[in-house]
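The values are calculated or read from the model by the stated rules, or taken from the named source; none is laboratory data. This structure is a prediction, so every number in the text was calculated from the model and none was measured. Because the Cβ atoms are built from the backbone with ideal geometry, glycine has one as well, and the counts that use them run over all protein chains shown. The accessibility values were calculated without ligands, DNA or RNA, using every heavy atom of the protein model including side chains. Shrake-Rupley method; radii C 1.70, N 1.55, O 1.52, S 1.80 Å.
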Amino acid sequence: MLFNSFEFLFLFLPFCLFVFISLNKQSKHETAMIWLVFCSLFFYGWWSPAYLILIAGSMVFNYILGQQLSSVRRYSKLLLWIGVITNLSFLGYYKYANFFVDQLNFFSGTSFHLDRILLPLAISFFTFQQIAFLVDSYRHETKEFNFLHYSLFVTFFPQLIAGPIVHHKEILPQFLQKYNSKIELRNIAIGLSIFAIGFFKKTVIADGIAPYSNVFFNSTLIETSPSFFVAWGGSLAYTLQLYFDFSGYSDMAIGLARMFGIILPLNFYSPYKAINISEFWRRWHITLSNFLRDYVYIALGGNRNGSFNRYRNLFLTMFLGGLWHGAGWNFALWGALHGSYLIIHQGWGRLFKHKVIPIPNSIKVFSAWLLTFIAVVVGWVFFRATSLDSAVDILIGMSGANGFAIPNAISVRLGIFGDFITMLGVTTFLGGGESFLNNWLWILIILPTCLILPNTQDLFVNNIGSLSNNNHLTAHTFWPLHALCKKTQWKLSNSWAWLISFAFILGILSLAQVSEFLYFQF
Amino acid sequence: MTIHSYLTRVFSISLGIFIIVGGFNYIINPYNIHNTERITGINTFKPEAAKRIRTFKKYQPFHIKPNTLILGNSRVEMGINPKHKNLTALGNVYNLGIPGMRFKDQATYANLIIQSEQITTLIIGIDFSDDIFRYDEVKKTLNTTKTVLWLEEPKDKLSSLWSLDAIKSSISTLINQHSQVSNRYNNGFNPANDYLPILKLEGQKVLFKQKMKTLDQVFKDKYWLEKMTDVDKSRLGSNVAIQVKQWLKQGIHVHVFINPYHNDYYQKLKEHNLFTDFNLWRQQVSQKLSRLVTFCDFTELGKSKSNERLNNNELRYFWEPSHYKKELGDIMLPLIMKGCNSV
């Protein structure tokens, strides 16, 4: 079931919420939690009921093992290894087995056959959450929870499918809180407002720009050598689509959870405002970055044992983070690229720590932002392209090596300016004028929006929108016209009621054209 | 403001916007699905209808209660004018031409209308590529599509009132009220306004160049031809003939013609070694249909009219290699109605 579907919005959610509130009002708190687990499993089973067995089995296994790890001291390390390896084996089988067999056949000339394995929805997310639980149980950092609470932690439907990846320390205590009917309406108002903003970001913006990125990346399979403006148009369209799709989904998840009185962790904080790659990763898919830092980077040794080991660990963490997104060399390359970016950024910081470059700060900030943003877009090309050849073709186009061309229909409408750019070497091509124009119009409207407007967290920080305290942060940020919106906050007012209603209705109107969330595939 | 009044306001504003959006889209009627008036300066031109032709032509004919249907694809849609003087005696005429649509689907659309309207005459323009598919596939598709079409009606109509696309299209319709935008008349005819700005700014050569490039890609594929066995080739035109016989049994007058093309189109067929197949198809279709109905093959007419020009050097009878103008259709219509063994 998709958040942006009629059945979810008008049947599942109202019914689930109504029964949950009713049970809580009758002080049947445990029954309300059972109801929520049931609804979450129904939500998960909507796609493929068969995989309910997988998620249920995974929960039972990890819960029992977690109990053992937190109570038994003997052989606890062995138990932890068994737990981690079992979880990773399942993930590996469902996610990487086909890829592994394909690569083996390709490199060794063998012809092993494995039927296509259908990836169970959310397996990457619930596996990571439970591995973290096992590790913390081993460290005796988990408290006593019963199986019901644990099940809700794993399956809670707002975050089950594509995150935010929740940590048991953040969520389980919230399930144990006494229900307060006084704050129930406030939670619904805040949750609905956050949900409406996410809904708008996903359905209007991400789905609106999606056709341009899809056409571009699919056409480069057939027609290679895109010219400069076409290559940048397609790549930027995907850059914006992915951000609004995933951050929109995260806002929707945070809003939905809030309606049930649960505050989820922050997952996005205006990553495209970042002026260096480390800052980008502090703002993009924050819960995954935190997981990788806490359970991979630190486990590998972190920044102990010298610079070389530190850089190696950084690279390996990002490489594995890339592979987490999917079984493909494009994801591995994307991860490796970001690992390299981080190494270069940290190395640069060390080399020039005390050197002052005599240029105005605003130029420095803008240049740093531009460089970071271009690096990120280049990364997305590898992430999205369907083959390495295609990615390289696009990057060559973006470099200008394939020339600079615009549609003939636009050139003739530019008049003297058209003649001028022709003199500069800009050529023309036939067809695609309307699509080219719309693609760039979207970019020219949406990219400044990303940079200028505050994000959902900024808007709701006074109402504890998420578990983060981030609030209009400007450090390591390129934020033009920040002064204009630094005090903007959601509040109970007429103007916000109008804005939220518009966002919600525009989202509803998009339901006629159903589209899945990009991060469902991971 | 209290939380309660905030939530009440959000729901009431949302409901209000929802109703206003539905009303707005109904009045503007950008896809011409609903039977609303065209208001000068508001929605006389329907630039967005071109994006939903397959949808709106399922419903629009019922609003004008046609007696005569013109079937075909984009060539017919912009070439055969329902208001032509030779058609006035045939009652309400609706141009059911739909771009890219093959005969099997055209027939399905027509049969839906025939079931509930008093159709007395059908004028059918056919194309080489439209007819090149296996007969058994045709029969299967005709039956299933018919059911699907009826099931789609509530979805089509609701999404034309409440969808983002509909709002965008309504706004675009309001903004683009001038004679050089794409349009569809209530009688289904396409005045081919889309070509006007291209001709004015880029010239007809550009249109030709672009179309020839597209034709190269289409003819290069040839998948539809390579799929055919010799038996299939001997059946060329059979599917049209079978359907035509059914209509004749229902007492409907049927006129069939082969669309004309510009000479460059025929040259392109030759370049791709398709001209022999094309002639075989013409021969088979002619044999099967001229026995049943009034039939015209306008291939030679197309060739002969290919290079006639207007004062501004624009071609008189063709927009580009595969689309003829209404002016050529006007010459063809008297012949179509009378029937011609050879033109």
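One table, with the values for the structure above:
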read-out	value
Selected residue [out of contact with any Gly (no Cβ under 7 Å at 6 or more places or on another chain) and either closer than 28 Å to B:S159 by Cβ or modelled with pLDDT under 90 (or both)] from A:F460, A:F522, A:F504, A:F478	A:F504
Checklist (1) open to solvent by less than 40 Å² (accessible area, probe 1.4 Å); (2) touching a helix residue (DSSP H, G or I) at 6+ places or on another chain (Cβ under 7 Å); (3) not acidic (D, E) applied to A:V426, failing item	(2)
B:K325 vs. criteria open to solvent by 50 Å² or more (accessible area, probe 1.4 Å) and of a type outside the set (D, E)	no
Helices (runs of 4 or more DSSP H) wholly inside the range A:378-472 that include at least 2 residues being more than 14 Å from chain B (Cβ to nearest Cβ)	A:388-399, A:416-423, A:433-452, A:456-460
Residue within the range A:109-121 that is within 30 Å of A:L176 (Cα to Cα) and open to solvent by less than 50 Å² (accessible area, probe 1.4 Å) present	yes
Enumeration of residues in the range B:154-169 that are among the basic types (K, R) and either facing another protein chain (nearest Cβ under 7 Å) or closer than 14 Å to B:G22 by Cβ (or both)	B:K157
Some residue of the range A:315-326 being out of contact with any Leu (no Cβ under 9 Å at 6 or more places or on another chain), under 28 Å from A:L2 (Cβ atoms) and open to solvent by 20 Å² or more (accessible area, probe 1.4 Å)	yes
Residue check for B:P99: outside any helix (DSSP H, G or I) and touching a Phe, Trp or Tyr at 6+ places or on another chain (Cβ under 6 Å)	no
Matching residues in the range A:298-314 - criterion: being surrounded by fewer than 16 Cβ atoms within 10 Å (Cβ to Cβ) and of a type in the set (S, T, N, Q)	A:N303, A:N305, A:S307, A:N309
Residue in the range B:5-23 that is farther than 12 Å from B:R184 by Cβ and either in contact with a His (Cβ under 6 Å, 6 or more places away or on another chain) or not in a helix (DSSP H, G or I) (or both) present	no
Boolean, B:S172 is within 12 Å of chain A (Cβ to nearest Cβ), among the small types (G, A, S) and over 22 Å from the mean Cα position of the chain (by Cα)	yes
Residue list for the range A:429-448, filter: out of contact with any strand residue (DSSP E or B) (no Cβ under 6 Å at 6 or more places or on another chain) and free of Cβ contacts under 8 Å to residues at least 40 places away in the same chain	A:L430, A:G431, A:E434, A:L437, A:L441, A:L444, A:I445, A:P448
Subset of the range B:263-292 (residues that are farther than 21 Å from B:D232 by Cα, open to solvent by 10 Å² or more (accessible area, probe 1.4 Å) and out of contact with any helix residue (DSSP H, G or I) (no Cβ under 6 Å at 6 or more places or on another chain))	B:D264, B:Y265, B:Q267, B:K270, B:E271
Elements of type helices (runs of 4 or more DSSP H) contained in the range B:175-275, each with 2 or more residues being more than 30 Å from B:I39 (Cβ to Cβ), modelled with pLDDT of 90 or more and within 14 Å of chain A (Cβ to nearest Cβ)	B:204-221
Verdict on A:I464 being out of contact with any helix residue (DSSP H, G or I) (no Cβ under 9 Å at 6 or more places or on another chain) and open to solvent by 50 Å² or more (accessible area, probe 1.4 Å)	no
Number of the exception - A:D458 against (1) farther than 27 Å from A:I165 by Cβ; (2) touching a His at 6+ places or on another chain (Cβ under 7 Å)	(1)
Total residues in the range B:168-200, condition among the basic types (K, R) and surrounded by fewer than 19 Cβ atoms within 10 Å (Cβ to Cβ)	2
Helices (runs of 4 or more DSSP H) lying entirely in the range A:1-97 (those with 1 or more residues that are closer than 26 Å to A:Y295 by Cβ, open to solvent by less than 50 Å² (accessible area, probe 1.4 Å) and assigned by TED's automatic domain parsing to the domain that holds A:Q129)	A:29-45, A:51-71
Of all residues making up the range B:52-83, the number that are surrounded by fewer than 20 Cβ atoms within 10 Å (Cβ to Cβ), touching an Asp or Glu at 6+ places or on another chain (Cβ under 8 Å) and assigned to a loop (DSSP other than H, G, I, E, B)	2
Test set (1) open to solvent by 20 Å² or more (accessible area, probe 1.4 Å); (2) within 30 Å of A:W496 (Cα to Cα); (3) more than 14 Å from every other protein chain (Cβ to nearest Cβ) - A:P164 fails condition number	(1)
Answer residue from the range B:6-35, given it is within 26 Å of the chain's Cα centre (by Cα) and open to solvent by 30 Å² or more (accessible area, probe 1.4 Å) and is farthest from B:K157 (Cα to Cα) among those	B:I27
Within the range B:84-96, tally of residues that are part of a helix (DSSP H, G or I) and open to solvent by less than 20 Å² (accessible area, probe 1.4 Å)	1
